[in-house]
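What follows is one structure encoded as structure tokens, with my remarks underneath.
The values are calculated or read from the model by the stated rules, or taken from the named source; none is laboratory data. Being a predicted model, the structure only gives us computed values, none of them experimental. As a convention, Cβ positions derive from the backbone with ideal geometry for all residues, glycine included, and neighbour counts pool all protein chains shown. Side chains are part of the model used for accessible areas, which takes the heavy atoms of the whole protein and leaves out ligands, DNA and RNA. Shrake-Rupley method; radii C 1.70, N 1.55, O 1.52, S 1.80 Å.
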Amino acid sequence: MCLKMISPAEQHLARGLRAILADLPVGESIARSESLREVLNSLEFFVPEVLAEIHSEWKQESLDGVFPVVARKIADREAEIFGLCIIISDQSLTPIRLRVQLAIAGDAVSWLECRLGERGPDGMARWPYRTLGKQLHCLEGRAETIDWVYQVTYGEHRA
């Protein structure tokens with residue numbers, strides 16, 4: 001049996017998300033709060049770790065912010081976050097969608113579906129940070145229609 005190493009970023013994400021989801025009914029939006037901000041901050045470190053395992057360019061890249069259009073509880077121990085993230089190397093914006101299921105016990109992610117970057121005519125679409133408000137508005141309702149550049153799924157999703 002091979003044990004997965006749990007990074008500090010994953011532990012922080014799982015701990016924070018577990019606290020947020022504990023008393024929230026399924027289907028409810030996650031309220032903007034300091035707790036949500038901490039979860040979003042942990043994604044800045046966790047998402048690049050996950051992407052770097054498959055995509056070598058992410059070993060030199062990271063995120064500098066996550067801005068949700070949607071943040072909600074979609075099942076027990078499971079959340080969806082969809083919005084924009086900042087690519088740190090050029091401070092540009094690109095879409096991100098995460099579905100995260102927490103382990104039954106402990107501070108770990110048992111399943112993750114990560115989508116990042118919209119495919120454009122010249123590679124991954126990137127927008128200037130100054131257009132954040134406009135781009136967030138343009139994303140509404142588009143989670144299922146984006147042609148994602150990066151798509152990583154790991155773990156076993158349990159109902």
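Annotations
- Counting only strands (runs of 3 or more DSSP E) that fall entirely inside region 67-159 and contain at least 3 residues that are touching a strand residue (DSSP E or B) at 6+ places or on another chain (Cβ under 9 Å) and aliphatic (A, V, I, L, M), the qualifying elements are 78-87, 92-102, 109-120.
- ALA143, sole failed condition from (1) over 25 Å from SER7 (Cα atoms); (2) in contact with a Gly (Cβ under 7 Å, 6 or more places away or on another chain); (3) touching a residue at least 60 places away in the same chain (Cβ under 8 Å): (2)
- Subset of region 51-65 that is in a helix (DSSP H, G or I) and in contact with a Phe, Trp or Tyr (Cβ under 7 Å, 6 or more places away or on another chain) - its residue that is nearest to ILE86 (Cα to Cα): LEU51
- Flag if GLU113 is surrounded by 19 or more Cβ atoms within 10 Å (Cβ to Cβ) and at pLDDT 95 or above: no
- Those residues of region 146-159 which are surrounded by 15 or more Cβ atoms within 10 Å (Cβ to Cβ), over 17 Å from ILE86 (Cβ atoms) and without any contact (Cβ under 8 Å) to a residue 60 or more places away in the chain, in sequence order: ILE146, TRP148, GLY155
- From the list LYS73, LYS134, the lone residue that is crowded, with 20+ Cβ neighbours inside 10 Å, out of contact with any Lys or Arg (no Cβ under 8 Å at 6 or more places or on another chain) and of a type in the set (D, E, K, R) is LYS73.
- Residue pairs meeting the criteria (Cβ under 7 Å; at least 6 apart or on separate chains; first over 17 Å from GLN91 (Cβ atoms) and of a type in the set (Ser, Thr, Tyr), in region 40-63; second open to solvent by 70 Å² or more (accessible area, probe 1.4 Å) and assigned to a helix (DSSP H, G or I)): SER42/HIS12
- Where ARG119 falls short, out of the listed (1) basic (Lys, Arg); (2) in contact (Cβ under 8 Å) with a residue 12 or more places away in the chain; (3) within 25 Å of ALA14 (Cα to Cα); (4) open to solvent by 40 Å² or more (accessible area, probe 1.4 Å): (3)
- Going through (1) without any contact (Cβ under 8 Å) to a residue 40 or more places away in the chain; (2) under 12 Å from the mean Cα position of the chain (by Cα); (3) open to solvent by 40 Å² or more (accessible area, probe 1.4 Å) one by one, PHE67 falls short only on (1).
- Residue within region 19-36 that is part of a helix (DSSP H, G or I), of a type in the set (A, V, I, L, M, F, W, C), without any contact (Cβ under 8 Å) to a residue 12 or more places away in the chain and open to solvent by less than 40 Å² (accessible area, probe 1.4 Å) present: no
- Candidates ALA105, ALA71, ALA79, filtered to the one that is among the hydrophobic types (A, V, I, L, M, F, W, C) and at pLDDT below 95: ALA105
The rows are residues; the columns are (1) out of contact with any Lys or Arg (no Cβ under 9 Å at 6 or more places or on another chain); (2) over 24 Å from ARG37 (Cβ atoms).
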residue: LEU102; (1), (2): no, no
residue: GLY117; (1), (2): no, no
residue: GLY120; (1), (2): no, yes
residue: GLY141; (1), (2): yes, yes
residue: TRP148; (1), (2): no, yes
